[in-house]
Each structure stands twice: as C-alpha cells, then as structure tokens.
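**Student:** Structure provided below as structure tokens; questions to follow.
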Amino acid sequence: MNPFQLNEKNVIVTGAASGIGRETAKLLYSLGANCILLDINEKGLEETNRLIDKSGICCALDLTDFDRFQEVFSLCKEKLGYFHGMVHCAGIPSFSPLRGLTVEAYEKVQKINTQAGLLLAKVFSRKGMYDSSKRCSIVFISSVYGLVGSASNVAYAVTKAANIGMTKALAMELAPKGIRVNCVAPGFVKTPLGEGVIKFLDDAYAERVGAMHPLGWGEPTDIACAIAFLLSDAAKWITGTVLSVDGGFTAQ
Ligand code: NAI
C-alpha cells in the first residue's frame, strides 16, 4: 500500500471548523481517513463536514472543558472503532506586552493551545482507545513563535514552545505503545487567525512579516500536507520532531 495513504485510519482533528484544521480534515478525507471533527464552532464544523461529503463525525466541544474528553472519545470510538491519529489544530492568539499580561489571558491561551492537547493525548493513549495493533500518530501545532522571539507575544510563545517540549516528552513515553508524536511549526498562514494577527500589527510590522518569508505567506494546505505526512506510515520512523513549515522564516 502507498504509505502516504490514510485508508482505514480514524483521525481526530481539533480546530476543524476553520483554517488549518478544516484544510487538514479535507486532505485526510481525500487520503482515505475517517475524520472526527472537534471544535467549539458548530456552524463551522457543519461546513467542514459538508466539504468532506458529510462523512465526518462532528462534535461541538469547548476544548477547555477537559472533563468531557473521555466521554467524547468514547462516543466517537463506539461509532468508528479504535483511533489511529490525532491532530490538535485548535488554537488562539494572545497579544499583550508583559506589563499588560493578565492571569486570565495567560490561562486561556495556555488551556486551549497546550493543556487541551496534552489531555487529549492522555485520553487517546489510554488502553482501548488507540489501535494497539497498528501504527498510531499524534501531531501538535507549534509556531515559528515557539522557536524565535517576537515582542508582545509572550503568552502565545509560551504555549507554542511548550508544545515542542510536550512533543519530545510524549514521543519518548508513547513510543513503546507504537504511538509517534510530532509537531509542525508554521510560519504565517492565510487563515482567520493569521490574518487577524496581521490586522493587530501595525502596517510596517505586517510588511516586515511578509518579507520575512522567502517563499511568501503560507496557505492552510501547506500545513495540512505536513500534518498528513506525519500522520501517515510514510513517517513511521519519525517521532519527537519539530517540522518547520514556514516558507523559510526560521532558516535565516
Ligand atoms: P483558525 O482561527 O482559523 O482556527 C482555529 C480553530 O480553533 C477555530 O475553528 C476555533 O473555533 C477553534 N477553537 C478556538 N478555541 C477553541 C476552544 N476553546 N475549543 C474548541 N475549538 C476552539 O486558526 P488557524 O490559523 O487555523 O490555526 C490553527 C493552529 O495553527 C493554531 O494552533 C495556531 O496557533 C497555529 N498557527 C497558525 C498560524 C497562522 O498564521 N495561521 C501560524 C502558526 C501557528
């Protein structure tokens, strides 16, 4: 079988109502996967599901509602069977200089971007949830700003750097179970989140950010392709890695 195909793989995609998560769901579906679509935005989920011929299982879920993860996974498993993959695309930005940073803002971005991913991985890797007879794979999303600095962005940067640490630690812990764990670090991508960030920045900075990508801005499909690769058996010897998909942003 073509190792890039995802036939018969059951894959959970968070953040599936928009941007990178939606594009990932579309690509995974075209590669043969069954998708479980999670997001807080019910309408957006329905639209994503329409784009994949209504073949996905949609579940509106606030990913800060950690206590619901087990119940949601169990319900989806009843419908589809064991899980083979999970990608945590849901995320929010958080802009504030250090002097204006509030505990509430910090906790919110930390919960969605990092803690939810960690606790989803905890449920995914429980006995009876993932398919222990096949290769399984988890993908987290970091950012160029988990790797390099930018001002007024510390809370977001903490979460994205944490996702890299989480990737490496879990890669070691879950390898004996046959679960690989990797992370993609995107540069600026044209999504509601990416374009919102640019609106927040002043024009001069926005122009500079554009110029900092030798290959120009990314499209959601650029990130989706990297995620699909890491979920597939083509990446069966890759774990604990951070794959920069950033048009050259961090190469300079
Ligand atoms: P997006 O805003 O298009 O999609 C994010 C999704 O997360 C939305 O559908 C939203 O409803 C969902 N979400 C937010 N809070 C949630 C919650 N509490 N519970 C459940 N779902 C929730 O954003 P985009 O651009 O697709 O971002 C995806 C990931 O990629 C994020 O982790 C982001 O930090 C990361 N990233 C994005 C970059 C960009 O330029 N777009 C650059 C680097 C990283």
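All of the numbers you see were taken from the coordinates with simple rules; none came from a lab. Values in this document were obtained by computation on a predicted structure and should not be read as measured data. Here Cβ is always computed from backbone atoms with ideal geometry, including for glycine, and neighbour counts include all displayed protein chains.
**Student:** Ranked by Cβ crowding within 10 angstrom, fewest neighbours first, how are 201, 243 ordered?
**Tutor:** Details: 201 15, 243 19.
Lowest count first: 201, 243.
**Student:** Taking neighbour Cβ counts within 10 Å as the exposure measure, how do 86, 172 sort from fewest upward?
**Tutor:** Final ranking by Cβ density, sparse to dense: 172, 86.
**Student:** Now, a different point. Angle check, please: helix 19-30 long axis (alpha carbons) against the longest principal axis of the chain (alpha carbons), in degrees 0 to 90, nearest 10.
**Tutor:** The answer is roughly 30 degrees.
**Student:** State whether segment 94-233 is rounded, prolate or oblate according to the following rule on the C-alpha gyration tensor (a ≥ b ≥ c being the square roots of its eigenvalues): a/c under 1.5 gives rounded; otherwise a/b larger than b/c gives prolate, and the remaining case gives oblate.
**Tutor:** oblate
**Student:** Amide H of residue 90: which non-local residues (sequence gap of 5 or more, or other chain) have their own amide H closer than 5 Å, using H built in the peptide plane?
**Tutor:** So residue 90 has HN proximity to 14, 15.
**Student:** Can you tell me the 0 to 90 degree angle between the C-alpha axis of helix 220-231 and the longest principal axis of the chain, rounded to 10?
**Tutor:** Compared with the principal axis, the helix lies near 40 degrees.
**Student:** To continue, here is another question. Over the alpha-carbon set of segment 160-252, work out the extent along each principal axis and list the three values in angstrom, largest first.
**Tutor:** Extents along the principal axes, in whole Å: 49, 26, 24.
**Student:** A follow-up question, please. For each of 84, 213, count neighbouring Cβ atoms within 10 Å of the residue's Cβ, then give the residues from fewest to most.
**Tutor:** So the residues, fewest neighbours to most, are 213, 84.
**Student:** What is the calculated FRET efficiency for residue 237 to residue 151, with r their C-beta to C-beta distance and R₀ = 35 Å, to the nearest 0.05?
**Tutor:** Efficiency, from the Cβ-Cβ distance: 0.35.
**Student:** Which three numbers, in whole Å and largest first, are the semi-axes of the equivalent ellipsoid of the chain derived from its Cα gyration tensor as √(5λ)?
**Tutor:** So the equivalent ellipsoid measures 28, 19, 18 Å along its semi-axes.
**Student:** In whole Hz, what ³J(HN,Hα) sequence does segment 131-144 give by Karplus (6.51, -1.76, 1.60; θ = phi - 60°), x for Gly and Pro?
**Tutor:** Whole-Hz 3J(HN,Hα) from phi for segment 131-144: 7, 6, 8, 10, 7, 10, 8, 10, 10, 9, 10, 9, 5, 4.
**Student:** Here is a follow-up. Charges at C-beta only: +1 for Lys and Arg, -1 for Asp and Glu. How large is the resulting dipole of the chain about its Cα centre, in Debye rounded to 20?
**Tutor:** Once rounded to the nearest 20, the dipole reads 720 debye.
**Student:** How large is the helix-only mean residue ellipticity at 222 nm for the chain, computed as the sum of -39500 (n - 2.57) over DSSP H runs with n ≥ 4, divided by its residue count, in deg cm²/dmol to the nearest 500?
**Tutor:** -12500 deg cm²/dmol
**Student:** Just need the relative contact order of the chain here, percent rounded to a whole number, with Cα pairs under 8 Å and 6+ apart.
**Tutor:** 21 percent
**Student:** Kindly count the pairs of lysines across segment 1-151 whose alpha carbons are less than 24 Å apart, treating pairs on different chains or eight or more residues apart as eligible.
**Tutor:** So the count of such lysine pairs works out to 28.
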